[in-house]
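Structure, as structure tokens:
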Amino acid sequence: MSMNTVYATQEPTRAEIDALQEPAVLEFGAPWCGYCQAAQPLLEAAFEGHAKVRHLKVEDGKGRPLGRSFGVKLWPTLVFLDRGQEVARLVRPAEPGAIREALALIDPAV
């Protein structure tokens, strides 16, 4: 597992996310979103060395239940999960250091 580069158009259910056993990052956004596009190099840099972390890139939008269940209002929103439980959240990250810090909370071995 490592950084995912394609948004899933079919989102997992909240129950599936809550049942995750591995560390994971949910990235909510859209492929046409400028903020989301600008965050991709930051995510790529931050994810280096975190091969155990599952990256779920979910296309979000009006009426999408998963994003609403997490209270997503701006893109990209990164939700860092440990065994399905949220431990950190970043909205529109501007530098890889903040992403690395949040990743260290769910994958401290790096």
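State whether one or more residues within the stretch 63-71 are closer than 18 Å to ILE17 by Cα, at pLDDT 95 or above and among the hydrophobic types (A, V, I, L, M, F, W, C).
Yes, the stretch 63-71 contains at least one residue that is closer than 18 Å to ILE17 by Cα, at pLDDT 95 or above and among the hydrophobic types (A, V, I, L, M, F, W, C).
Return only the number of the condition from (1) more than 12 Å from LEU26 (Cα to Cα); (2) in contact with a Pro (Cβ under 6 Å, 6 or more places away or on another chain); (3) among the acidic types (Asp, Glu) that ASP82 does not satisfy.
Condition not satisfied by ASP82: (1).
Name every residue in the stretch 72-85 that is under 18 Å from PRO23 (Cβ atoms) and either surrounded by 14 or more Cβ atoms within 10 Å (Cβ to Cβ) or in contact with a helix residue (DSSP H, G or I) (Cβ under 7 Å, 6 or more places away or on another chain) (or both), in order of residue number.
Those that are under 18 Å from PRO23 (Cβ atoms) and either surrounded by 14 or more Cβ atoms within 10 Å (Cβ to Cβ) or in contact with a helix residue (DSSP H, G or I) (Cβ under 7 Å, 6 or more places away or on another chain) (or both): THR77, LEU78, VAL79, PHE80, LEU81, ASP82, GLY84.
How many residues are β-branched (Val, Ile, Thr) and part of a loop (DSSP other than H, G, I, E, B) if we restrict to the stretch 68-82?
Counting residues in the stretch 68-82 that are β-branched (Val, Ile, Thr) and part of a loop (DSSP other than H, G, I, E, B) gives 1.
Residues that are surrounded by fewer than 17 Cβ atoms within 10 Å (Cβ to Cβ), at pLDDT 95 or above, assigned to a loop (DSSP other than H, G, I, E, B) and not acidic (Asp, Glu): does the stretch 97-110 have at least one?
Scanning the stretch 97-110, I find no residue that is surrounded by fewer than 17 Cβ atoms within 10 Å (Cβ to Cβ), at pLDDT 95 or above, assigned to a loop (DSSP other than H, G, I, E, B) and not acidic (Asp, Glu), so the answer is no.
Are any residues in the stretch 1-20 part of a helix (DSSP H, G or I), over 12 Å from the mean Cα position of the chain (by Cα) and touching a residue at least 60 places away in the same chain (Cβ under 8 Å), and if so, which ones?
Residue satisfying the conditions is ASP18 alone.
Of all residues in the stretch 21-67, how many are buried (at least 17 other Cβ atoms within 10 Å of the Cβ), among the aromatic types (Phe, Trp, Tyr) and assigned to a loop (DSSP other than H, G, I, E, B)?
Looking only at that region, the number is 0.
The values are calculated or read from the model by the stated rules, or taken from the named source; none is laboratory data. Predicted, not measured: the structure shown is a model, and the values here were computed from it. Every residue, glycine as well, gets a Cβ built from its backbone with ideal geometry; the counts of neighbours run over all protein chains shown.
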